[in-house]
1. Residue 164 is checked against (1) surrounded by fewer than 17 Cβ atoms within 10 Å (Cβ to Cβ); (2) within 16 Å of ligand 1 (Cβ to nearest atom); (3) modelled with pLDDT of 95 or more and fails just one. What number does that condition carry?
2. Filter segment 51-68 down to the residues that are within 16 Å of ligand 2 (Cβ to nearest atom) and without any contact (Cβ under 8 Å) to a residue 60 or more places away in the chain and list them by number.
3. Assess whether residue 108 counts as being under 27 Å from residue 138 (Cα atoms), away from ligand 2 (no atom under 16 Å from the Cβ) and touching a helix residue (DSSP H, G or I) at 6+ places or on another chain (Cβ under 6 Å).
4. When you check residue 20 against the structure, is it closer than 30 Å to residue 143 by Cβ and outside any helix (DSSP H, G or I), yes or no?
5. Within segment 69-94, take every residue that is away from ligand 2 (no atom under 16 Å from the Cβ) and buried (at least 19 other Cβ atoms within 10 Å of the Cβ) and give me the one that is farthest from residue 17 (Cα to Cα).
6. Quick one: which strands (runs of 3 or more DSSP E) sit completely within segment 196-315 and have at least 3 residues that are crowded, with 16+ Cβ neighbours inside 10 Å and on the phi < 0 side of the Ramachandran plot?
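The values are calculated or read from the model by the stated rules, or taken from the named source; none is laboratory data. Since we're looking at a predicted model, the values are computed, not measured. Positions of Cβ are generated from backbone atoms using ideal geometry, with glycine treated the same way; all protein chains shown enter the neighbour counts.
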Ligand SMILES: Nc1ncnc2c1ncn2[C@@H]1O[C@H](COP(=O)(O)OP(=O)(O)O)[C@@H](O)[C@H]1O
Ligand SMILES: [Mg+2]
């Protein structure tokens, strides 16, 4: 395996009964990347991350973490990774500090070293002042920051996170993302899963889009963003019926469709189109019943990706 590849999944598959939760997926993560696994609920993200980290045994295929085979050299591989699972519970009747010390013991770190790194991490994650407080008095965001500190205590080279900001308020999620960028800058490769397109966009160098156990595409957030922009729509309804073709002359409109009493305009510039529609309505003395911008969902993106794949002849 080339030196700059730190995670390699080949033909990775997991069956639960007859259902393939993860279906022959293949990808590589390069050293220093933030690599995102983006997909809706049930896509196979958690199953994948559990196979990558040696918690779940694949039905088929294999995983290499740097030079180690996750199944044959599990311990060695685990020594270079930190894991933030989907559900992680620090001991709420212990202080943040005790949780860190306990984690250090689990990793077999010497006590002095544990203390030194724990202090540094808690300081960095703005928890040091609160280190003696019981975790049960922590907010959700503080708890998640502590979980990150615990995962970083062994100074891993690769950090795996399963939906690290899911269920957090906007501010806590922003702090977590900032910290992840910072950790990454300091040299840690990051693999994370998310169902949030915006998060993938904000954080990742590359994104694998996964649906129903299969990878639909691996691309940069910029390309994904371009595609999502092309899927934006403005939907308008007037109080009187109009001929949709009369809107054909509007600039920035790529396609017009009539849906019942509504007219749907495909555009990459919804902000501009809205102004033009308002002008149009004013000019024609039309009343608008509704005017909305429809932002594509992850589902729309998948459908588009699948269509594109079929068109380019690679099959779905
Ligand atoms: N332990 C299990 N037993 C049976 N089915 C499972 C198990 N874990 C996950 N699945 C199924 O595998 C699919 C993928 O689940 P999961 O990996 O948790 O998806 P995600 O994390 O993307 O939401 C789902 O259909 C889920 O119901
Ligand atoms: Mg999951």
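1. (1)
2. Selection gives 51, 55, 56.
3. no
4. So residue 20 does not fit the description; no.
5. By that ranking, first place goes to 90.
6. Qualifying strands (runs of 3 or more DSSP E): 206-211, 214-219, 233-238, 262-266.
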